[in-house]
Amino acid sequence: MAASELSVVLPRVLIVSRRAVRKNKFVDFVGEYHLDLIVSYGAVPVIVPRVSGVHMLLESFEPIHGVLLCEGEDIDPSLYDDESNHLSPEEIEEIRRKHVSDTAIDKEKDTIELRLAKLCLERNIPYLGICRGSQVLNVACGGTLYRDIEKDLSRNLPQDKRVVHIDYDNYDNHRHIVKIIENTPLHYWFKDSLEDGKMEICVNSYHHQGVKKLAQRFVPMAFSHDGLIEGFYDPDAYNPEEGKFIMGLQFHPERMRQQDTDEFDYPGCTFAYQEFVKAVVAYNKKLSTSVQKPIKLNQEMEKKRKIIVRSFSLARNIYEGSSQMHPSKESDLDAGAEFLESNTALSIQQETRLIEMGATIRNGCSYLEKLKMNEEREGLARKIMGKMSVEQLSDLKSFYNMMGLICCEVLERKLQDIVNEVAS
C-alpha cells in the first residue's frame with residue numbers, strides 16, 4: 001500500500017501541543033515518545049496546535065478516533081473549584097517560583113483539552129491522559145486537584161510517607177514506588193514484573209499537582225506511598241476490543257526507560273499505548289460499520305421523490321424571480337405543498353434547507369408569520385447567550401450538535417419505516 005494512503009486508512013489520534021518560547025518566539029511541540037508509540041501501534045497522531053481560537057475549530061479535526069492528552073502547565077484552579085484558600089499569598093508565590101515552568105496558566109490549552117475530554121466522554125471516544133492529561137480528565141468529570149502536593153499533602157504526613165514526585169535535576173531517571181490495585185488494567189499489564197507478595201513498581205513522574213477528589217465515575221488503579229492516586233480508569237468504558245478506553249495515568253510510562261537506551265524498565269510500560277491504540281482501531285471500525293447505507297427506494301417511491309424534487313425546484317425558481325411559471329404548470333407545485341403539509345415536524349436543518357430552496361409559494365406567507373413570531377424569542381436568546389462564558393457556549397454548541405445527530409438518526413429510521421411500509 002502506498003504511504004500516501006496510510007494516513008487515510010489508519011485511525012486518527014488527536015494530541016494537543018504545548019507552547020514554549022524559543023528564540024523569543026512561541027513554538028508548539030509534542031513529546032516524540034508519545035508520537036512514536038502511537039505510530040508504532042497503528043494510528044496516526046494529529047497535532048492540535050495550541051493557538052488562540054482553535055477551541056472553536058475542533059469540528060475541523062473530525063473524524064476523531066482517539067484523544068491522547070499529555071504534559072503541560074497547571075490547570076486553571078477556577079475550573080475545579082479550588083479549595084486551597086488556606087495557602088497564604090507568600091506560599092502561592094513560593095510555589096510559582098519553584099515550579100516556574102508549570103504554574104503559568106494557559107487558558108487556551110485548558111479550553112481546548114477540556115472540550116476534547118468532554119467530547120470523548122459524550123461519544124465514548126477512546127481517551128488516554130498522561131500526567132496533566134489525567135488531571136484534565138478528572139476535572140472534566142467534576143473531580144478536583146491538589147494545587148501543590150508538597151503544600152497540600154506532604155507537609156501533613158510523617159517523613160517516611162512523603163514522596164518526591166518531581167526532580168528537576170534528574171527528570172528522566174527519577175523514580176518512586178507506586179502500589180498497584182489488584183484486578184485493574186495496570187495489574188494485568190505489569191503482573192509479570194511484580195515480586196511475590198508485592199504489588200509495587202517504580203515509576204517516573206514529573207508533576208507538583210495531582211488528583212485530590214477523584215470523579216465518581218472513576219476507579220483508582222494505583223497509589224503512591226503518600227496516598228496520591230497515580231492511575232485511574234472508568235471500568236464501564238474499558239474494553240479495548242470493543243473500542244472502549246477512558247483512562248488517566250499520573251506517571252510517565254513512556255519515559256520509564258533504562259539510562260542511555262530505549263529499553264523499557266518493564267514490559268508493561270508500553271501496554272497503555274498498545275491497548276489505547278487497539279481501542280482506537282476498534283472504535284474506528286465500529287464507526288465505519290455504523291454508517292448507514294443510503295436508502296434504496298422502489299420504482300414507485302423513486303418516481304414520487306423525483307416529482308417532489310421537481311416541485312421544490314420550480315418553487316425555488318419562482319421565489320428567486322429567475323423565471324415565470326406558465327399557468328398550466330402550477331399543478332406541479334402541489335406535490336411539494338402536500339409533502340410540507342404531511343411533514344410539519346421538521347428539524348432546523350430541514351427547515352433551513354427548504355428556505356434555501358425557496359420553500360414553496362403556498363407556505364411562504366405562513367413561514368414569514370412564523371419568522372415574526374420567533375424574532376422576539378431569538379432576541380431574548382441572543383441576550384442570554386451574550387452573558388454566557390466561552391466554556392458555557394462551547395458546551396451548549398456541543399449539546400445541540402449531539403441533538404442534531406440524534407434527530408438525523410431518528411429521521412432516517414422513520415423514513416426507512418415509511419419505505420418498508422410502502423414496499424410491503
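Among the residues of the stretch 63-119, those identified as farther than 22 Å from S205 by Cβ and touching a His at 6+ places or on another chain (Cβ under 8 Å) are E108, T111, I112, R115.
Can you tell me which residue among N124, N138 is open to solvent by 30 Å² or more (accessible area, probe 1.4 Å), of a type in the set (S, T, N, Q) and in contact with a strand residue (DSSP E or B) (Cβ under 7 Å, 6 or more places away or on another chain)? So that I can check it myself, show each step before the final result.
Working: N138 fails: open to solvent by 30 Å² or more (accessible area, probe 1.4 Å).
Exactly one residue qualifies, and that residue is N124.
Among the residues of the stretch 373-398, the ones that are assigned to a helix (DSSP H, G or I), open to solvent by less than 90 Å² (accessible area, probe 1.4 Å) and under 29 Å from K107 (Cα atoms) come to 11 in all.
Kindly indicate which of E263, E254, E275 is modelled with pLDDT under 95 and more than 22 Å from E195 (Cβ to Cβ).
Working: E263 fails: more than 22 Å from E195 (Cβ to Cβ); E275 fails: modelled with pLDDT under 95.
That would be E254, the only listed residue that is modelled with pLDDT under 95 and more than 22 Å from E195 (Cβ to Cβ).
Each residue in the stretch 150-173 was checked for being under 21 Å from M221 (Cα atoms) and touching a Ser or Thr at 6+ places or on another chain (Cβ under 8 Å), and 4 pass.
Out of all the residues in the stretch 148-159, is one or more farther than 30 Å from S78 by Cβ, free of Cβ contacts under 8 Å to residues at least 40 places away in the same chain and outside any loop (DSSP other than H, G, I, E, B)? Yes, the conditions are met somewhere in the stretch 148-159.
Here H187 meets the list (1) surrounded by fewer than 14 Cβ atoms within 10 Å (Cβ to Cβ); (2) over 27 Å from E94 (Cβ atoms) almost entirely, failing just condition (1).
Taking (1) at pLDDT below 80; (2) open to solvent by less than 60 Å² (accessible area, probe 1.4 Å) in turn, I38 satisfies each apart from (1).
Of all the listed residues (V163, V100), the sole one being over 19 Å from the mean Cα position of the chain (by Cα), β-branched (V, I, T) and open to solvent by 30 Å² or more (accessible area, probe 1.4 Å) is V100.
The values are calculated or read from the model by the stated rules, or taken from the named source; none is laboratory data. In this text the structure is predicted, and so the values were computed from the model without any measurement. Cβ coordinates were reconstructed from backbone atoms using ideal geometry, including for glycine residues, and neighbour counts include every protein chain displayed. With ligands, DNA and RNA removed, areas are computed over all heavy atoms of the protein, side chains included. Shrake-Rupley method; radii C 1.70, N 1.55, O 1.52, S 1.80 Å.
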